[in-house]
Structures are given as structure tokens and as C-alpha cells.
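The values are calculated or read from the model by the stated rules, or taken from the named source; none is laboratory data. The model shown is predicted, which means the values in this text are computed figures rather than measured ones. So basically every Cβ, Gly included, is an ideal-geometry build from the backbone, and we count neighbours across all protein chains shown. Just the protein is used for accessible areas: all its heavy atoms, side chains included, with ligands, DNA and RNA removed. Shrake-Rupley method; radii C 1.70, N 1.55, O 1.52, S 1.80 Å.
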Amino acid sequence: VQLVESGGGLVQPGGSLRLSCAFSGSTFRLKAMGWYRQAPGKQREYIAAITSSSSTKSYEDSVKGRFTISRDNAENTLYLQMNNLKPQDTAVYYCNAYPQILVVSWGRGTQVTVSS
């Protein structure tokens, strides 16, 4: 299984970005998936998760109401719409299986920098 995150970049506070995660393999549609992030000097943390059918979504409190997780099982792709970005959202963002205990290896992630 290969995971390739994309869509990051430099954005001003209050701006938006949409991250994508391309999943190679036939099991994407069966898996609950999550987005995680790691800020400089901090541990990687969970920020959002979605069940295989998209019936249930969950968010870490700091992103609730600003971020939206979604998926397209036909395209094997996971998304994260990020609105009203804040400097504290600056991190490398990763997608992977959820919960994190199921993660075998990580992709390269995509850098998100929120700065004026």
C-alpha cells in the first residue's frame, strides 16, 4: 500500500487549502481512514477520521468546524478541506489508516504553512 499526500502549501491566516491523499491498493474502500499532522518539535497527532462508508466523521477539537474530511472510494482518494487556517495549523499532514495503531508505515506527507 502506498499513500501519497498532496495539496499543501503556504497560505495566509484565514485562508483555505484542500489536501488529497491517493491510496494505491484495492482495500481503500474497506478501511476507516484518518488525517494526522506533525508540527515542528511535536508528536504526530490525529485530527480527523472517516469510516469506510463515510457514514461517520470525527474531528479533533482544535479543527472542529474548520476542517472537513471526505473520501471518494471510486477514486481511492481521501480529502481534507481546511478553512479558516491558523498559524498553529502549520505542520506536515499525513493520511493513513484509522485508528493510528493500525498504521504500518507513513508516507512523506504534505507541508502546510500558515503565515502572513
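Test ARG18 against the stated conditions and say whether it is touching a helix residue (DSSP H, G or I) at 6+ places or on another chain (Cβ under 9 Å), surrounded by fewer than 22 Cβ atoms within 10 Å (Cβ to Cβ) and within 17 Å of GLU5 (Cα to Cα).
no
Any residue at all in segment 43-56 that's outside any helix (DSSP H, G or I), over 22 Å from VAL104 (Cα atoms), open to solvent by 40 Å² or more (accessible area, probe 1.4 Å) and in contact (Cβ under 8 Å) with a residue 40 or more places away in the chain?
No, segment 43-56 contains no residue that is outside any helix (DSSP H, G or I), over 22 Å from VAL104 (Cα atoms), open to solvent by 40 Å² or more (accessible area, probe 1.4 Å) and in contact (Cβ under 8 Å) with a residue 40 or more places away in the chain.
Quick check, is TYR59 modelled with pLDDT of 95 or more and under 11 Å from CYS21 (Cα atoms)?
No.
Suppose the filter is buried (at least 16 other Cβ atoms within 10 Å of the Cβ), in contact with a helix residue (DSSP H, G or I) (Cβ under 8 Å, 6 or more places away or on another chain) and touching a residue at least 60 places away in the same chain (Cβ under 8 Å); does TYR36 pass it?
Yes.
Which residues, counting only those in segment 57-73, are open to solvent by less than 40 Å² (accessible area, probe 1.4 Å) and part of a loop (DSSP other than H, G, I, E, B)?
Passing the criteria: only ARG66.
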